[in-house]
Amino acid sequence: VADPSVKGMWCVPQYSNPTGEIYSDEAVRRLGAMRSGASDFRLFWDNAYAVHHLSDESHKVANIFDACATGGYPDRPFVFASTSKVTFGGAGLGFFASSPANMRWFVARMSRRTIGPDKLNQLRHVRFLRDSGGVRKLMDQHRALLLPKFDAVARALAARLDGTGAARWTHPEGGYFITLDMMLGSARRVVELAKEIGLALTPAGATHPLGQDPDDRTLRIAPTNPPLTEVRLAAQAIALCVLLAATEALLANRKMTDAPHSQVPAGRRMKATA
């Protein structure tokens, strides 16, 4: 990163929201050794899904502290995590780790904002989770609840959409989300169609900066909260809405293509691709 105005990069290294990527060891090594125009360039390492496995394999990302130290940038990583998606959403324990120099900088400033953390909440978590084995046991219980919901969505999408060219979707091995990519210009229409039948979806564009998806094609599906029976029904509804939106787009495209060229304003010509 040669531009000195670029001061950092936000990373979700495992089961990245919303597409579920897992950083390879090589990617971690390269980020740790990457040259930058800014001497104070930082990696904001948001390990939000460190223990949120959905498969039999418990993935583990390479140690970013080791990678940065080896690369000559020991002060580069700011590492975050929390129990927000383990115990209480927005009310769990937060974690921060960095180099000794960065920790001195952080503590000096944090001490001006608070006299200390919520010690009662810390005690509650220690008594409930106890140790790393307790965390793994709890997350196995989460997985038992969540995996059938993810499988239900995958089966419904495959049954309705496989071979149609109308959409593609991810099969995450962890985290909380499935990413659904549709025909260009279809995402907002799918959300509208779903709303008409009483199904609330995450707004189109939520996967992109400032909520602006330039292709209007991506939706983030979070099947974690509703009961399994509702997830099954909702997944079927989503697939049908995708098919209907794709059909509308293709018919509109055909109508525009079949019209005499002189009657089709240049700015109105459409392109529908899967």
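The values are calculated or read from the model by the stated rules, or taken from the named source; none is laboratory data. Note that the structure is a prediction, hence the values are computed from the model and not measured. Every residue, glycine as well, gets a Cβ built from its backbone with ideal geometry; the counts of neighbours run over all protein chains shown.
Structure data summary
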quantity: Qualifying residue in the range 19-35 (condition: in contact (Cβ under 8 Å) with a residue 40 or more places away in the chain, closer than 29 Å to Leu146 by Cα, in contact with a Ser or Thr (Cβ under 6 Å, 6 or more places away or on another chain) and not charged (D, E, K, R)); calculated: yes
quantity: Identity of the residue in the range 177-207, in contact (Cβ under 8 Å) with a residue 24 or more places away in the chain and either outside the structural domain of Ala156 (by TED's automatic domain parsing) or part of a helix (DSSP H, G or I) (or both), that ends up surrounded by the fewest Cβ atoms within 10 Å (Cβ to Cβ); calculated: Arg188
quantity: Flag for Ala222 being assigned by TED's automatic domain parsing to the domain that holds Ala152 and modelled with pLDDT of 95 or more; calculated: no
quantity: Residues being within 15 Å of Tyr49 (Cα to Cα) and in contact with an Asp or Glu (Cβ under 8 Å, 6 or more places away or on another chain) - total across the range 92-107; calculated: 0
quantity: Within the range 225-246, considering residues that are closer than 12 Å to Ala152 by Cβ and within 21 Å of the chain's Cα centre (by Cα), the one surrounded by the fewest Cβ atoms within 10 Å (Cβ to Cβ); calculated: Pro226
quantity: Condition check for Ala239: at negative phi, at pLDDT below 95, hydrophobic (A, V, I, L, M, F, W, C) and out of contact with any Phe, Trp or Tyr (no Cβ under 6 Å at 6 or more places or on another chain); calculated: no
quantity: Residues satisfying the stated conditions in the range 202-232, i.e. hydrophobic (A, V, I, L, M, F, W, C) and either on the phi < 0 side of the Ramachandran plot or in contact with a strand residue (DSSP E or B) (Cβ under 9 Å, 6 or more places away or on another chain) (or both); calculated: Ala204, Ala206, Leu219, Ile221, Ala222, Leu228, Val231
quantity: Per-region count, the range 1-53, residues part of a loop (DSSP other than H, G, I, E, B), among the acidic types (Asp, Glu) and closer than 29 Å to Thr179 by Cα; calculated: 1
quantity: Per-region count, the range 208-219, residues surrounded by fewer than 19 Cβ atoms within 10 Å (Cβ to Cβ) and under 17 Å from Thr170 (Cα atoms); calculated: 1
quantity: Single match in Ser111, Ser36 (criterion: hydroxyl-bearing (Ser, Thr, Tyr) and either in the same structural domain as Gln141 (by TED's automatic domain parsing) or at pLDDT below 95 (or both)); calculated: Ser111
